[in-house]
Amino acid sequence: MNTKLENGINIGWNFDNSYIHLPEKFYTRQNPTPVSSPKLVILNEELAKYLGLDIQALKGKDGVDILSGNSVPEGASPIAQAYAGHQFGHFTMLGDGRVLLLGEQISPKGERFDIQLKGSGRTPYSRGGDGRAPLGPMLREYIISEALKGLGIPTTRSLAVVSTGEIIIRQTPLPGGILTRVASSHIRIGTFQYISAYGSVEELQILAEYTLQRHFPDVAGDGDRYIKLLRKVISLQAELIAKWQLVGFIHGVMNTDNMAISGESIDFGPCAFMDSYDPKTVFSSIDHFGRYAYGNQPKIAAWNLARFAETLLPLLHDDEDKAIEMANEEIRNFFKIYNGFWLNGMRKKLGMFGEEAEDESIIMDLLSIMEKYKADFTNTFRALTIDQLCGMELFSTSEFAQWKEKWQARLNRHGRSKEEVKQLMKENNPAIIPRNHRVEEALEAAVKRGDYSVMKRFLNVLSNPYAYSAEQEEYSKLPPPSTEPYRTFCGT
């Protein structure tokens, strides 16, 4: 482990890099490409402190040089990771085309975190790209990842964004940016797919053992540890997707390379939050057929997990037919596990204590009414929470009146006070989400005018979305009506 004194300043880097001890097939050593004029535009001070880093030192020249890739801290071992994946159902060789893993930071609590630079230059996996990133999409990832953290959803996080002082060319010239991303690891389903397709069974076993030791040490020594690895990843993904669905989050590009074994949300290109409830909602400009629509996310997760299970077949059993049978049994359990997480979460959103057989029908009836009347997903549950049932069409309908009667009867049967019900609902229904128009407002101010105050105010209210504070009232308002559907882009 190492801590570097940058010109006498202790920044606090404490690297212990385990991934580089895997076979060289797994990665390529590569240093970041320097940029001309880096400038720190935002630093996550809370996260920096948690990681054991000195905030003022990070803001100084030496810190910014590291966050921009202009220098490599002592103890770091920059690499680009190799992986593959199914992108919109088609398998292809991928890898970190514009991302470098500096190393693994050990926090003061002894936790291990990957420190990545996104937009730090070309790698052997760039596939013709320039390895750079526009400033706007890097700020977008910062906003969304920190919003998910506030919502209580497992996610990679953002430590900092720097502007590079350089212009990169996409469809138009854009200012460049580099994001410092923090994750439990960047091992993906696609990492296993890459070794399964291009490596040996021995290398696959090495990856599985490494993953077990890093993420699931409680079962690492078990004789049936590989089936337990599959089981744990299935459970983590089921819980993650349920959490997405419960707040109306649409990832937008659920390729297998964008699913982390750790169960964290990762890669925030065309993601967005749903306004009007509609399971068919798609925002991504490249998802022409709705493969990754809101309502399809659980199905896609199961499909991706089946691809993960396929990679593990040689480790599950010497008899391939038996291995397939074992894997299928675990994959079939996904929807049962997912439905359990989702149903329990929906009960909490509606203030339901305990369990009753008719709970699911009550929940589905409400969603059906919401879809019929194009009700806003977040604000419907917010209104139910604070008992302000006005201003939305569905609240004045006979369907809703009948539903409300059933709902109230359900609540009354468990004898909990109104205060207890309201508290449960407040803890599970965010008062605000990162509304798409607010995200765009913050990005426009930052990128076009160099005004980061809009983004910082936004991040402040998003840090505790369950506060129901007066400050959050303004951010709960819907965007003005538009004839054009909202579209998001991959941010390449």
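Given R₀ = 45 Å, FRET efficiency for residue 413-residue 374 by Cβ-Cβ distance, to 0.05? The value I calculate is 0.90. Note: relative contact order over the range 294-386, using C-alpha pairs below 8 Å and six or more positions apart, is 20 percent.
The order of the peptides 151-157, 170-176 by mean Cβ neighbours within 10 Å, most packed first, is 151-157, 170-176.
Computed over protein heavy atoms with a 1.4 Å probe, the carbon and sulfur contribution to the accessible area of the chain reaches 49%. Taking every protein chain into account, the 1.4 Å probe leaves residue 395 with about 30 Å² of accessible area, to the nearest ten. With a cut-off of 12 Å between beta carbons, the residues surrounding residue 389 carry a summed charge of 0, where Lys and Arg count +1 and Asp and Glu -1. Taking every C-alpha pair closer than 8 Å and separated by at least 6 residues, the mean separation divided by the residue count of the chain gives a relative contact order of 14 percent. Modelled label positions at residue 487 and residue 167, each set 7 Å beyond Cα in the direction of Cβ, lie 2.4 nm from each other. Look at (i) 66, 62, 43; (ii) 74, 50, 46; (iii) 147, 44, 44: the one that is Cα extents along the principal axes in Å derived from this structure is (i).
Annotation for the range 445-492: GluC sites (Glu not before Pro) lying in DSSP loop with at most 13 further Cβ atoms inside 10 Å of their Cβ are 473.
Site pair residue 344 and residue 88 shows an inter-label distance of 3.7 nm when each label is modelled 7 Å from Cα along Cα→Cβ. Judged by the ratio a/c of the largest to the smallest principal axis of the C-alpha gyration tensor, the range 181-220 counts as oblate, that ratio being 1.5 or greater while a/b is no larger than b/c. Listed peptides 259-271, 427-439, 377-389 appear in the order 259-271, 427-439, 377-389 once ranked by packing, highest mean of other Cβ atoms within 10 Å at the front.
Taking the Cα centre of the range 208-286 as origin and assigning +1 to Lys and Arg Cβ atoms and -1 to Asp and Glu Cβ atoms, the resulting dipole is close to 120 debye. Residues 342, 244 ordered from highest to lowest accessible area at a 1.4 Å probe: 342, 244. When the charge dipole of the range 264-362 is built from unit charges on Cβ atoms (+1 for Lys and Arg, -1 for Asp and Glu) and taken about the Cα centre, the candidate among 272, 289, 341 whose Cα reaches farthest toward its positive end is 272.
Taking a ≥ b ≥ c as the square roots of the Cα gyration tensor eigenvalues, with a/c under 1.5 meaning rounded and otherwise prolate when a/b beats b/c, else oblate, which class fits the range 446-490? Oblate. Measuring with a 1.4 angstrom probe and ignoring ligands and nucleic acids, residue 416 comes out at about 110 Å² accessible.
Label reach from residue 406 (point 7 Å along Cα→C-beta): in the range 358-386, amide nitrogens under 11 Å belong to 358-369.
Cα gyration tensor of the range 385-488, axes a ≥ b ≥ c as square roots of the eigenvalues: rounded (a/c below 1.5), prolate (a/b > b/c) or oblate? Note, shape of the range 385-488 comes out oblate. Only the Cβ atoms of Lys and Arg (+1) and of Asp and Glu (-1) were treated as charged; on that basis the dipole of the chain about its Cα centre amounts to roughly 980 debye. Using the Cβ-Cβ distance between residue 319 and residue 218 with R0 set to 30 Å, the FRET efficiency from 1/(1 + (r/R0)^6) comes to roughly 0.65.
Of the GluC sites (Glu not before Pro) found in the range 339-418, the ones in coil according to DSSP and having at most 14 other Cβ atoms within 10 Å of their Cβ are 355, 356, 358. Computed on protein heavy atoms with a 1.4 Å probe, the accessible areas place 322, 418 in the order 418, 322, largest first. Rounded to the nearest 500, the 222 nm mean residue ellipticity of the chain from helices alone is -13000 deg cm²/dmol, with -39,500 (n - 2.57) taken per DSSP H run of at least 4 residues.
Counting only protein heavy atoms and a 1.4 Å probe, the chain has 42 square angstrom of accessible area per residue.
The candidates 243, 477, 49, arranged from most to least accessible area with a 1.4 Å probe in the full protein assembly, appear as 49, 477, 243.
The values are calculated or read from the model by the stated rules, or taken from the named source; none is laboratory data. Remember, it's a predicted structure, so these values are computed and weren't measured experimentally. Methodologically, a virtual Cβ is constructed for each residue, glycine included, from the backbone with ideal geometry; neighbour enumeration extends over all protein chains shown. Protein only, heavy atoms only, side chains kept; ligands, DNA and RNA dropped before computing areas. Shrake-Rupley method; radii C 1.70, N 1.55, O 1.52, S 1.80 Å.
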